[in-house]
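Below: the structure, in structure tokens.
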Amino acid sequence: MNEEVFVNKVLRGVGVSSGITTGRVYLLERGRVPITKRSIKEEHVDKEILRFKHAIKSAIEELDSIKEAITDDEIKKHAFIIDAHMLILQDDYFLNDVVDAIRKDRINTEWALDIVVSKFLASFEKMEDHYLRERGQDVKYIHERLVRILVKGKTTDIHGRSVKGKAIIVAHDLSPADTIQLNLNQISGFATDVGGRTSHTSIVARALEIPAVVGIGNITSLVKNNDSIIIDGDEGVVIINPTKEVQKDYIAKQLHLKSQKREFLRIAKLKSETKDGFRLRVGANIELLEEMDIVERYGAQGIGLYRTEYIYLSRKTLPTEMDHYHIYRKLAENRALEYITIRTLDIGGDKFVSDIEVPKEMNPAMGLRAIRLCIKELQLFKSQLMGILRASAYGPLRILIPMISGIEEVRKTKAVIKECMEELNHKRVNFNKDIKIGIMIEVPSACMISDQLAQEVDFFSVGTNDLIQYTLAIDRVNEYVSYLYEPLHPAVLMMIKLAVEAAHSNKIDIALCGEMAGEPLYVPILLGLELDELSMNPYSIPRAKKVIRGLEHSYCKELLREVLRTNSAKEGEYILRKEMARLFPEDFIRCYEE
Ligand code: PEP
Ligand code: MG
């Protein structure tokens with residue numbers, strides 16, 4: 001425990017849930033339990049394996065009772081994460097690996113677990129997708145739980161540790177079981193040593209709109225219970241024991257953010273229409289059903305992108321047709337949204353953890369992923385498509401296919417969808433026969449042949465995250481080349497323009513759902529490009545609407561021409577920042593000065 005008393009100690013991490021909060025620390029100390037690595041005698045091997053099996057049984061019982069004790073509906077929504085942990089505890093690969101290590105190496109359970117878990121974590125860490133990488137955290141939680149059971153022989157949870165008054169939880173990391181046991185109504189912020197945008201704490205914090213900063217490194221060793229603390233979830237900053245002046249500044253900033261939020265929630269309800277009457281849809285990108293409340297509150301007209309990867313990652317075996325159906329039906333039954341775009345599975349290469357065997361690839365971003373994998377693993381693809389089709393009887397679902405690079409992929413996909421429809425007809429299951437089928441435009445070849453592709457499908461959605469990566473040949477997760485990741489690169493803008501023209505001359509809609517859509521600075525350019533929809537992180541919607549409503553469409557078209565004339569992303573950005581600072585001085589002055 002740290003005895004030093006800090007004043008105004010500033011710590012930096014990753015701001016994962018917006019907002020500012022000030023309050024008192026509630027420290028959840030769950031440091032690592034030291035383990036002893038022991039060799040064991042041959043005759044003790046069976047006893048040791050039994051010890052491991054008892055620990056597994058206790059861990060499952062603990063998780064079961066945590067789940068049963070949940071009464072709060074809001075918290076119940078997150079209990080599926082506990083199920084995912086239970087599945088890991090019953091996973092044959094995991095169990096057999098530990099038993100094998102105990103038997104073959106004649107080592108105690110703690111040691112065997114250490115070896116097996118390290119192997120699992122190493123393979124998670126190699127994954128390119130940061131979301132998948134962080135799922136390794138689940139294996140860590142399970143490991144910690146088992147070690148605590150083995151070492152201490154008693155329960156491991158923070159059960160019953162009620163939080164007094166509103167508190168800011170500081171922890172090394174919060175396992176889903178921890179988060180679920182806390183009374184979330186009494187928590188005004190989170191700060192953790194580890195974690196990233198897609199760790200469970202972050203997902204829950206965002207869904208509940210609680211400010212959070214994660215990945216701070218060492219906050220648990222620097223604070224004590226009851227320390228005063230400020231969390232700035234927008235800047236990713238935490239301040240321990242702030243002075244009165246600093247507190248005053250942050251309270252003023254917090255009040256400003258609160259009134260800004262009220263203003264955003266007001267704007268959220270308004271139409272996305274320019275001053276001269278050009279309308280486009282504003283949709284939301286989501287990954288979890290839990291995000292639906294936020295989607296509505298922040299003013300999305302529909303879901304422009306529902307990433308379905310989480311469905312595959314949150315269970316041990318592949319989701320069945322009916323698993324898919326139940327999830328998509330919940331989405332479809334939402335009456336507030338005009339359309340819900342379900343993107344079919346977009347993983348593969350070394351980003352895939354499940355029953356499907358995929359070869360190790362040298363270059364996974366360009367490997368057997370997304371539609372390529374789905375076409376190869378037809379059963380996998382069909383169970384998702386059948387689930388979507390079944391659910392389409394209940395609301396305005398659309399199908400979106402990722403990573404299309406050529407026309408055969410589209411034709412093959414449509415043939416598979418047709419087969420699914422025939423099967424459902426045969427079974428007399430209701431579905432929407434006219435369901436809209438769209439493709440992601442995120443591979444340069446798809447842009448180049450967008451005119452032909454547009455004749456095959458009902459809509460396009462531009463995925464700029466990948467389109468920029470493939471057009472400019474820069475790995476989107478490689479920090480060394482991130483300076484080259486330029487959404488305003490003339491090649492990128494020309495690609496989008498080409499796809500928009502192809503879509504419109506074939507009378508189909510075109511959306512843009514990459515991160516670029518949620519960045520207000522780019523909104524005038526995207527308006528100038530005449531996209532029909534922008535789909536973004538729900539929290540970005542009001543800001544985007546504000547910008548849309550403050551602009552003339554004719555001006556945006558001219559601005560786009562001017563930016564394209566510069567032939568340079570840097571110069572284009574300079575013009576854009578300058579113009580936006582002139583038009584929206586309150587919102588853009590800072591970025592122009594940078
Ligand atoms: C994209 O590539 O822009 C996109 C929206 O999809 P993802 O980020 O899931 O690849
Ligand atoms: Mg993509």
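The values are calculated or read from the model by the stated rules, or taken from the named source; none is laboratory data. Note that the structure is a prediction, hence the values are computed from the model and not measured. Glycine also receives a Cβ, built like all others from the backbone with ideal geometry; neighbour counts cover every protein chain displayed.
Give the residue, chosen from Glu61, Glu48, that is at pLDDT 90 or above and more than 26 Å from Leu289 (Cβ to Cβ). Answer to the selection: Glu48. For region 132-241, the helices (runs of 4 or more DSSP H) that sit wholly inside it and include 3 or more residues that are at pLDDT 75 or above and more than 27 Å from the chain's Cα centre (by Cα) are 136-152.
Select from region 444-466 the residues that are in a loop (DSSP other than H, G, I, E, B) and more than 16 Å from His489 (Cβ to Cβ) and write down the one among them that is farthest from ligand 1 (Cβ to nearest atom). Within region 444-466, the match that is farthest from ligand 1 (Cβ to nearest atom) is Gln455.
When Arg51 is tested against (1) in contact (Cβ under 8 Å) with a residue 40 or more places away in the chain; (2) loosely packed, with under 12 Cβ neighbours inside 10 Å; (3) not β-branched (Val, Ile, Thr), only condition (2) is not met. Residues that are modelled with pLDDT of 90 or more and part of a loop (DSSP other than H, G, I, E, B) within region 9-23 comprise Gly13, Gly19, listed in sequence order. Val481 meets the conditions (1) surrounded by 15 or more Cβ atoms within 10 Å (Cβ to Cβ); (2) more than 30 Å from Pro585 (Cβ to Cβ) in every case but one. The failed one is (1). Considering region 450-496, and only residues there that are within 24 Å of the chain's Cα centre (by Cα) and acidic (Asp, Glu), the residue that is nearest to ligand 2 (Cβ to nearest atom) turns out to be Asp466. The residues of region 522-536 that are crowded, with 20+ Cβ neighbours inside 10 Å and under 25 Å from the mean Cα position of the chain (by Cα), listed by number, are Tyr522, Val523, Leu526, Leu531, Glu533, Leu534, Ser535, Met536. The residues in region 503-521 that are among the aliphatic types (A, V, I, L, M), surrounded by fewer than 23 Cβ atoms within 10 Å (Cβ to Cβ) and part of a helix (DSSP H, G or I) can be counted, and the count is 1. Taking region 374-430 as the range and being in contact with a Ser or Thr (Cβ under 7 Å, 6 or more places away or on another chain), part of a helix (DSSP H, G or I) and farther than 22 Å from Arg307 by Cβ as the test, no residue passes.
With respect to (1) surrounded by fewer than 23 Cβ atoms within 10 Å (Cβ to Cβ); (2) aliphatic (A, V, I, L, M); (3) more than 16 Å from ligand 1 (Cβ to nearest atom); (4) closer than 30 Å to Tyr485 by Cα, the lone exception for Leu373 is condition (3). Applying the condition of being touching a strand residue (DSSP E or B) at 6+ places or on another chain (Cβ under 9 Å) and over 25 Å from Ile525 (Cα atoms) to region 278-295 and asking which residue is surrounded by the fewest Cβ atoms within 10 Å (Cβ to Cβ) yields Glu287. Checking Met580 against (1) away from ligand 2 (no atom under 16 Å from the Cβ); (2) under 26 Å from Arg398 (Cβ atoms); (3) touching a Phe, Trp or Tyr at 6+ places or on another chain (Cβ under 6 Å): exactly one of these is not met. Which one? For Met580, the exception is condition (2). For residues in region 414-449 being more than 16 Å from ligand 2 (Cβ to nearest atom) and in contact with a strand residue (DSSP E or B) (Cβ under 9 Å, 6 or more places away or on another chain), which is farthest from Glu377 (Cα to Cα)? Looking at residues that are more than 16 Å from ligand 2 (Cβ to nearest atom) and in contact with a strand residue (DSSP E or B) (Cβ under 9 Å, 6 or more places away or on another chain), I get Asn432.
Ile575 meets each of the listed conditions (1) surrounded by fewer than 23 Cβ atoms within 10 Å (Cβ to Cβ); (2) more than 18 Å from Gln260 (Cα to Cα); (3) in contact with a Phe, Trp or Tyr (Cβ under 9 Å, 6 or more places away or on another chain) apart from (3).
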